[in-house]
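Q: This is the structure I have questions about; it appears just below.
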Amino acid sequence: MTMEKQQQITANVYAEDRFNMDRGCTPSFVTTSEGVVLIDSPMFPTDAVKWRDLIKISGEIRYIVNTDYHIDHITGNYFFPGTVVAHLGVRDMLTGPITNIVASERAEKLLGTSMGIVDYIQMRIKEKDPAGLPLATHYQVRPPTITFSERLNLHLGKHTFELIHLPGHTPYHIGVYVPEEKVFFAGDNFTGGMQPSMAHCMPLEWIQSLKQIQKMDVETIVPGHGRIGGKKEVREFTAFLQKCIDKVNEAIKTGMSKEEAIDKISFLALLPAVHPDPGMQRRNVARLYEMLSK
C-alpha cells in the first residue's frame, strides 16, 4: 500500500521528511507481517495524530524505537501505542532534569527554574503547534521500557531490527539496521544536506560510528534530518564532520580561546545551519572546542 504523503523507500519502509523543516525529525516506520515498528516519532501533536492514523492502516504499531533523547525524536511517543525501545542512557536522560536534554543556551536559561521536561515540551508545542496544544493537555513523557547498552535485536514477523549503539550525535545514540530491506536508520548521526546539532556530541566517536555505517550491507540510509541518501552521502557527511573537527583543532593549537573560536570559525561554507535554528552554528563550534580540548 502506498501511504499518502509518506516517502516509500522499499515495499515495507516509509519515511516522512516534511516535518524536519519545522524543527521535527524524520520519523520512519517498517511494516511487517506481525505489525509495525516506528523509528522516532513526530514532534508536534497535530502531525503525530495524523501520522498515527495513517500508520494504523498498515497494522498494529508494536514498537517505537528512539534513536536519541532529544525532544524532536521522543515527544510524539505519547500519541502512539507500542513499546518504547532505546539506549539505557536515553531512559536516564528522560527521567532526569530538563537541562540534560536541551541545547546549551536553553539549559542556561532553565537553570534554577522549576520547569520540568513536560512543561518544556508543552511550551515548545505552544510555540510551534498551538492547534495541537489541546491534544497535549494530559501530556506525559514516555521513556523507553526496553533498554540496552550495546546491541539489541528485535524480531517481528520476517523482519529483524538490529539496534546498535553508535555514539556521536549524543553519547547514547543508536542506529537501526533492517537487513531484509537493506535500510539503515541513522538518526541524527547523519543529516542530509544540512549541519547536524553538535550540542551534545562526541566528535571522535562520531567519526568512528560513521565509518562503521559505511561498512554495512545497506542501500538506503535514512537521516535524522534532511535528504535520504546512501553510503555516498554518508561519506560526504563524514568528510564534512572531519573538516569541522580539523578547523577547531587548528584553532586550539594556535591558542585561540573558545570565545574567539565561536566568533571566528564558521562551517556555513560546508553545510547550511538550518536545524533547529541558525544559532546552532555557534553552539556547534563551542561543543567541538570543549570536547577536543579535553
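A short reminder: the numbers here are calculations on the coordinates, not readings from a lab. Everything numeric here is computed off the predicted structure, so don't read it as measured data. Cβ atoms come from the backbone with ideal geometry, glycine included; neighbour counts cover every protein chain shown.
Q: Could you give the size of the charge dipole of the stretch 148-222 about its Cα centre, using +1 on the Cβ of each K and R and -1 on the Cβ of each D and E, expressed in debye and rounded to the nearest 20?
A: With Lys and Arg at +1 and Asp and Glu at -1, about 60 debye.
Q: Remind me, relative contact order of the chain in percent, using alpha carbon pairs under 8 angstrom and six or more residues apart?
A: Numbers: 581 pairs, mean separation 42.2, N = 294.
RCO, the chain: 14 percent.
Q: Output needed for the stretch 180-294: three equivalent-ellipsoid semi-axes, defined as square roots of 5 times the C-alpha gyration tensor eigenvalues, in descending order, whole Å. Before the final figure, lay out each step's value.
A: Numbers: eigenvalues 143, 42, 22 Å².
Ellipsoid semi-axes (Å, largest first): 27, 14, 10.
Q: With r defined as the distance between the Cβ atoms of Glu34 and Lys128 and R0 fixed at 35 Å, what FRET efficiency is calculated, to the nearest 0.05?
A: The computed FRET efficiency comes out at 0.50.
Q: Relative to the Cα centre, what is the charge dipole magnitude of the chain, using +1 at the beta carbon of each Lys and Arg, -1 at the beta carbon of each Asp and Glu, and rounding to the nearest 20 debye? Provide the component values of the computation, followed by the final result.
A: Details: 32 positive and 34 negative charges, 48 e Å.
For the chain, the charge dipole is close to 220 debye.
Q: Also: Applying 1/(1 + (r/R0)^6) with R0 = 22 Å to the Cβ-Cβ distance of Lys258 and Gln208, what FRET efficiency is obtained, to the nearest 0.05?
A: Working from the Cβ atoms, E equals 0.35.
Q: Please list the non-local residues whose amide H lies under 5 Å from the amide H of Val36, H modeled 1.01 Å from N, same-chain partners needing a gap of 5 or more.
A: Amide H neighbours of Val36, under 5 Å, 5+ apart: Glu60, Ile61, Arg62, Tyr63.
Q: Sort Ile64, Ile146, Ile9 by Cβ crowding within 10 Å, fewest neighbours at the top.
A: Lowest count first: Ile146, Ile9, Ile64.
Q: Sorted from largest down, give the three principal axis spans of the alpha carbons of the stretch 7-292, whole angstrom values.
A: Between the extreme Cα coordinates on each principal axis of the stretch 7-292 lie 58, 46, 31 Å.
Q: Additional query: Taking the Cβ-Cβ separation of Asp246 and Lys215 as r and a Förster radius of 25 Å, what is the calculated FRET efficiency to the nearest 0.05?
A: 0.60
Q: If each residue of separation counts as 0.36 nm, what is the full-extension length gain between Arg151 and Asn100 once their alpha-carbon separation is subtracted? Intermediate values should be presented prior to the final figure.
A: Working: separation 51, 0.36 × 51 = 18.36 nm, distance 2.36 nm.
My answer for the length gained is 16.0 nm.
Q: Also, I was wondering about something else. Take every DSSP beta bridge whose two residues both sit in the chain, then give the antiparallel share in percent to the nearest 5.
A: Of those bridges, close to 60 percent are antiparallel.
Q: From the backbone phi of the stretch 197-207, what are the Karplus-calculated ³J(HN,Hα) couplings (6.51 cos²θ - 1.76 cosθ + 1.60, θ = phi - 60°) in whole Hz, Gly and Pro given as x?
A: 6, 10, 4, 10, 7, 10, x, 5, 5, 4, 4
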